[in-house]
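Okay, structure first, notes after.
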Amino acid sequence: MKTIFWRALEIAWSDGSMSKKGALIIEKLHDAMGLDISLREEIEDRFAKEVLEERTERGEGTGDAELESWANTIIEELNSENLEGQIICIGAKAVKQGLSKEKWIFGMNFTEEFNQSNTFAEGVWMENDSKNEFEEFLSILQPLEKELNFK
């Protein structure tokens, strides 16, 4: 499952190595997300097994420039006043389109990384009936939107 932290690791390791600056950006993103350390370790272990174990090339960690730009956007969006409303909207939309158990689990796991799984659940259960409609979702939510087949 490609989530926000997984994507950060992909960018950081894009040339086969992670630079010191890349590692610092990963830490900054981790802190901004409020990512639980055990969940982070689980993601990193799975990433190492699925991606890094088979790599033979080693670069110089040149992914840090792209990572910094991408991470800054994500951190800014984590602080957006629209984040919770958009998550609620996505949850409600998912139910209206027919939310499967697999999609429910994906949505919960995806939003758990940045402590918004309860917000997603509120949208699904329509506990917080948002009248807001969004033409475009924040980039942090676009992988979730895509997985739930809104586009």
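Quick one: would you say E66 is over 16 Å from the mean Cα position of the chain (by Cα) and either assigned by TED's automatic domain parsing to the domain that holds L24 or at pLDDT 95 or above (or both)? When the stated conditions are applied, E66 passes them. All told, K28 meets the bar of being of a type in the set (K, R) and under 15 Å from the mean Cα position of the chain (by Cα). Filtering the range 115-147 to residues that are among the aromatic types (F, W, Y) and in a loop (DSSP other than H, G, I, E, B) leaves W125, F134, F137.
Looking across the range 72-125 at every residue that is among the small types (G, A, S) and crowded, with 17+ Cβ neighbours inside 10 Å, the one that is nearest to the chain's Cα centre (by Cα) is identified as G107. With a requirement of 3 or more residues that are aliphatic (A, V, I, L, M), the helices (runs of 4 or more DSSP H) lying completely within the range 18-114 that satisfy it span 20-33, 37-47, 64-78, 83-96. Of the residues E57, E42, which single one is without any contact (Cβ under 8 Å) to a residue 24 or more places away in the chain and of a type in the set (D, E, K, R)? Going through E57, E42 in turn, the sole match is E42.
The values are calculated or read from the model by the stated rules, or taken from the named source; none is laboratory data. All values reported here derive from a predicted model rather than from experimental measurement. Don't worry about glycine lacking a Cβ; one is built from the backbone with ideal geometry, like all the others, and counts go over all protein chains shown.
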